[in-house]
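Just below is one structure, and these are the notes that go with it.
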Amino acid sequence: MKILFVHQNFPAQFLHLAPALAARGHHVLGLTDETNPRPSPVRVVRYKAPGELKLPPMLGRTYSDHAERGWLAARGCRALRDRHGYTPDVIFGHSGWGETLFLREIWPEAKLLVYAELMYRTRGHDVGFDPEISPDSDEGRVSTVARSAHLIQGLVQADAGLAPTEYQANSFPPELRGKLTVIHDGIDTLKVCPNPLAEFLLPDGRKLQAGDEVLTYVSRSLEPYRGFHRFMRALPEVLRARPDALVVLVGGDGVSYGGLPRDAASWKEKLLAELDGRLDLTRVHFMGRVPYPQYLALLQVARVHCYLTYPFVLSWSLTEAMAAGCYIVGSDTEPVRELVRDGENGRLVPFFDQPALEAALIRGLAGDPDAARLQAAARQTILDGYDLHRHSLPRLIDWVEGFAP
């Protein structure tokens with residue numbers, strides 16, 4: 001079977017699935033943006049990167065941007081068809097950037113599958129969730145409806161879709177939810193596991209080891225969507241109560257989902273200014289983005305790992321932290337509750353309850369008597385339902401092969 005994967009950042013969510021299908025004898029090809037520098041486990045071809053559209057800010061801007069990328073991806077596919085005689089049996093692409101929008105017109109007979117990561121909703125999810133950062137408004141909800149157009153079109157056109165969690169699948173309206181299957185991308189628990197010999201080197205030369213009093217926070221970007229502001233505001237009390245604790249944060253200074261603050265260059269700058277004089281910065285270490293082995297070692301030395309999020313896409317970092325056997329303090333928000341059960345495999349606190357967050361972090365750093373049980377249960381949760389080799393990858397392979405002609 002000929003299978004074409006489509007993703008501007010390929011391999012992305014298809015990192016394990018694409019080579020696994022190739023190993024089973026399928027002809028696997030990836031289509032990606034010409035500027036994507038990521039190494040690929042299978043052969044890739046590239047489409048022309050879209051330029052900036054000269055459009056004023058308006059409700060149609062998001063659709064125009066994604067439709068432009070979709071057209072460039074379709075042109076690349078047309079070249080594959082016309083110049084090389086290539087026709088896939090199955091196309092599997094991420095619908096979030098519009099790349100799958102017009103592929104049905106290039107290959108009408110191919111099965112079209114989409115990775116449906118999340119549907120933007122006007123109520124009950126991220127929009128209006130945090131009034132401090134983004135107050136609920138008619139304008140915000142209208143903008144959210146406009147930003148959803150390409151996601152709806154992408155799934156309507158598809159033969160089927162895949163979502164990684166129930167929460168993310170259920171973000172789609174009932175009319176579309178029936179087209180979705182839920183299978184997590186999977187965590188390689190052979191690689192992501194507890195390691196009592198792990199070490200993590202700080203920029204000042206200090207070496208952290210498993211058992212040290214280390215509090216960790218990880219996000220692609222240090223921003224409110226992942227509770228960065230709530231975490232930072234908890235630190236003065238946590239460090240006061242735990243004088244030997246060290247805090248290590250991993251993440252870039254930009255934004256991945258929300259906007260930048262109006263009065264600072266980054267959320268990190270804003271929070272450091274707000275907490276000026278209240279934080280001992282010799283004990284708080286901002287690492288930026290780090291290579292994967294360094295990130296994994298940090299999880300393995302953490303005494304407490306804090307994961308906070310709006311009702312939004314679940315981060316891989318939570319599932320990896322659980323697989324690494326971390327003591328989890330998480331936000332009591334719907335995507336987190338799908339994996340973490342308070343008192344069973346972690347501790348949950350209300351997102352906006354600052355004293356509760358401080359108390360939970362202090363409890364974990366001080367040595368929660370239930371820590372070993374919670375950590376073992378966190379890892380077992382991943383082993384039982386999210387393990388790459390035992391669960392996710394076999395199910396993903398079966399799902400894709402089920403669309404063979």
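The values are calculated or read from the model by the stated rules, or taken from the named source; none is laboratory data. Worth saying up front: this structure is predicted, and the values here are computed from it rather than measured. So basically every Cβ, Gly included, is an ideal-geometry build from the backbone, and we count neighbours across all protein chains shown.
Of all residues in the stretch 31-86, how many are of a type in the set (Lys, Arg), part of a loop (DSSP other than H, G, I, E, B) and under 26 Å from the mean Cα position of the chain (by Cα)?
3
Within the stretch 144-165, is there a residue that is among the charged types (D, E, K, R) and either modelled with pLDDT of 95 or more or not assigned by TED's automatic domain parsing to the domain that holds Arg61 (or both)?
yes
Filtering the stretch 159-182 down to residues that are assigned to a loop (DSSP other than H, G, I, E, B) and in contact with a Lys or Arg (Cβ under 7 Å, 6 or more places away or on another chain), which residue is surrounded by the fewest Cβ atoms within 10 Å (Cβ to Cβ)?
Asp159
So for the stretch 131-138 (the condition being modelled with pLDDT of 95 or more, buried (at least 16 other Cβ atoms within 10 Å of the Cβ) and assigned to a loop (DSSP other than H, G, I, E, B)), does at least one residue qualify?
no
State whether one or more residues within the stretch 87-99 are at pLDDT 95 or above, assigned to a loop (DSSP other than H, G, I, E, B) and under 18 Å from Ser148 (Cβ atoms).
Yes: one or more hits.
Which pairs have Cβ atoms under 8 Å, sit 6 or more apart or on different chains, and link a residue in the stretch 171-199 that is over 30 Å from Val214 (Cβ atoms) and polar (S, T, N, Q) to one that is modelled with pLDDT of 95 or more and in a strand (DSSP E or B)?
Sorted first by the residue in the stretch 171-199, then by its partner, the pairs are Thr181/Ala160; Thr181/Gly161; Thr181/Leu162; Thr181/Ala163.
Taking the residues in the stretch 238-265 that are of a type in the set (Asp, Glu) and within 29 Å of the chain's Cα centre (by Cα) as candidates, determine which candidate is surrounded by the fewest Cβ atoms within 10 Å (Cβ to Cβ).
Asp263
Specify which of the listed residues (Arg220, Arg230) is part of a helix (DSSP H, G or I), within 20 Å of Asp126 (Cα to Cα), in contact (Cβ under 8 Å) with a residue 24 or more places away in the chain and out of contact with any Cys (no Cβ under 7 Å at 6 or more places or on another chain).
Matching residue, one of Arg220, Arg230: Arg230.
Might you check whether a residue that is outside any helix (DSSP H, G or I), in contact with a Leu (Cβ under 7 Å, 6 or more places away or on another chain), under 26 Å from Leu235 (Cβ atoms) and charged (D, E, K, R) occurs anywhere in the stretch 310-327?
no
Any residue in the stretch 266-281 that is touching a residue at least 60 places away in the same chain (Cβ under 8 Å), surrounded by 15 or more Cβ atoms within 10 Å (Cβ to Cβ) and in a loop (DSSP other than H, G, I, E, B)?
No, there is no match, as no residue in the stretch 266-281 is touching a residue at least 60 places away in the same chain (Cβ under 8 Å), surrounded by 15 or more Cβ atoms within 10 Å (Cβ to Cβ) and in a loop (DSSP other than H, G, I, E, B).
I need the full set of residues from the stretch 358-385 which are crowded, with 19+ Cβ neighbours inside 10 Å and of a type in the set (Lys, Arg), in order please.
Listed by number, the list holds a single entry, Arg379.
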